[in-house]
Amino acid sequence: MRILVVNPNTTASMTEKIGAAARRVASPGTEIVAVNPAAGPASIEGFYDEAMSLAGLLDTIRTADGFDAVVIACFDDTGLDAARCLTEKPVIGIGEAAYHYASMIANRFSVVTTLGRSVPALEHNLHRYGLMERCARVRASEVAVLDLEHPGSDACARISAEIGRAVAEDRAEAIVLGCAGMADLADALAREHGLPVLDGVTCAVGLAESMVRLGILTSRLGGYSPPPAHKR
């Protein structure tokens, strides 16, 4: 099995981190190919960055060969619907995957993301997926995405503090980390706070593997029907 993991931003160090997290949970025999576009925003923080990343993301998927599933490794689920129009193979967004997993292990969960400008996009997705009632709150740690790439930053401490507030104030029973750049923090934060802390990258890889094994493909009817040849 070969899973294409696409980081829609252009920060190669984050792509390497995402790839390492995906390989850590992938089954034996599953090949993880982690890539990012050559052009686009260095980080995705809100609606504008999402829009600016779409051309590179879709071109990366369109030109890739030999994959069995795609994981879009941006927590905003950037370009998810458009990507599903490009291929019948399963296309999994890390946000959607993490929300569904959280809803199966806890009555209520909170999301801890990066900057406040990202909160509306995540709330929009939760409403769309029908899971807003299960989410106690989407919280911003006010950590910029690229700060997660700096070992000397206080990013982890600020994220941890926000998790503490989510447990105390939201009565959250699980936490979803709202950024692919947090993929390497989940295990340590779960041990520190004594509750499940979910990383969307690993959730999406597990879900993608399951869908491939079950032979589940994306519908080609209605909204996910392929674009006409002259528009591809």
Can you find a residue in the stretch 171-179 that is in contact with a Phe, Trp or Tyr (Cβ under 9 Å, 6 or more places away or on another chain), β-branched (Val, Ile, Thr) and not in a loop (DSSP other than H, G, I, E, B)?
-> yes
Where a residue in the stretch 168-181 is surrounded by 24 or more Cβ atoms within 10 Å (Cβ to Cβ) and its partner, wherever it lies, is charged (D, E, K, R) and in a strand (DSSP E or B), with Cβ under 7 Å and at least six apart = Leu177/Asp199
So Thr114 clears everything in (1) open to solvent by less than 10 Å² (accessible area, probe 1.4 Å); (2) within 30 Å of Asp170 (Cβ to Cβ); (3) touching a Phe, Trp or Tyr at 6+ places or on another chain (Cβ under 8 Å) except one condition, right? Which one?
-> (3)
Options Val25, Val6, Val33: the member that is over 15 Å from Ala183 (Cα atoms) and β-branched (Val, Ile, Thr) | Val33
Answer yes if at least one residue in the stretch 35-43 is surrounded by 15 or more Cβ atoms within 10 Å (Cβ to Cβ), under 19 Å from Val143 (Cα atoms) and under 13 Å from the mean Cα position of the chain (by Cα), and no otherwise.
-> no
Selection within the stretch 4-28 - outside any helix (DSSP H, G or I), touching a residue at least 40 places away in the same chain (Cβ under 8 Å) and either small (Gly, Ala, Ser) or more than 20 Å from Ser53 (Cβ to Cβ) (or both) = Ala26, Ser27
When the stretch 109-121 is checked residue by residue, the ones that are in contact with a Gly (Cβ under 6 Å, 6 or more places away or on another chain) and in a helix (DSSP H, G or I) are Arg117, Ser118
Those residues that are farther than 13 Å from Ala102 by Cα and of a type in the set (D, E, K, R), I need them from the stretch 178-203; list them, please.
-> Asp184, Asp187, Arg191, Glu192
When residues of the stretch 141-158 are filtered for being surrounded by 15 or more Cβ atoms within 10 Å (Cβ to Cβ) and either hydroxyl-bearing (Ser, Thr, Tyr) or modelled with pLDDT of 95 or more (or both), how many remain?
-> 1
Scan the helices (runs of 4 or more DSSP H) fully inside the stretch 45-108 and keep the ones with 2 or more residues being of a type outside the set (A, V, I, L, M, F, W, C), under 15 Å from the mean Cα position of the chain (by Cα) and crowded, with 19+ Cβ neighbours inside 10 Å.
-> 47-62, 94-105
Inside the stretch 97-119, the number of residues satisfying the requirement of being in contact with a helix residue (DSSP H, G or I) (Cβ under 6 Å, 6 or more places away or on another chain) and without any contact (Cβ under 8 Å) to a residue 40 or more places away in the chain is 1
Pairs under 9 Å by beta carbon, first residue open to solvent by less than 60 Å² (accessible area, probe 1.4 Å) in the stretch 211-223, partner hydrophobic (A, V, I, L, M, F, W, C), six or more apart or different chains?
-> Met211/Ala69; Met211/Ile92; Met211/Leu217; Val212/Met1; Val212/Ile3; Val212/Ala69; Thr218/Cys85; Thr218/Val91
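The values are calculated or read from the model by the stated rules, or taken from the named source; none is laboratory data. Computed from a predicted structure; not experimentally measured. Here the Cβ is made from the backbone with ideal geometry for all residues, glycine too, and neighbour counts use every protein chain on show. Each accessible area value is taken on the protein alone, full model and side chains, heavy atoms only, with ligands, DNA and RNA left out. Shrake-Rupley method; radii C 1.70, N 1.55, O 1.52, S 1.80 Å.
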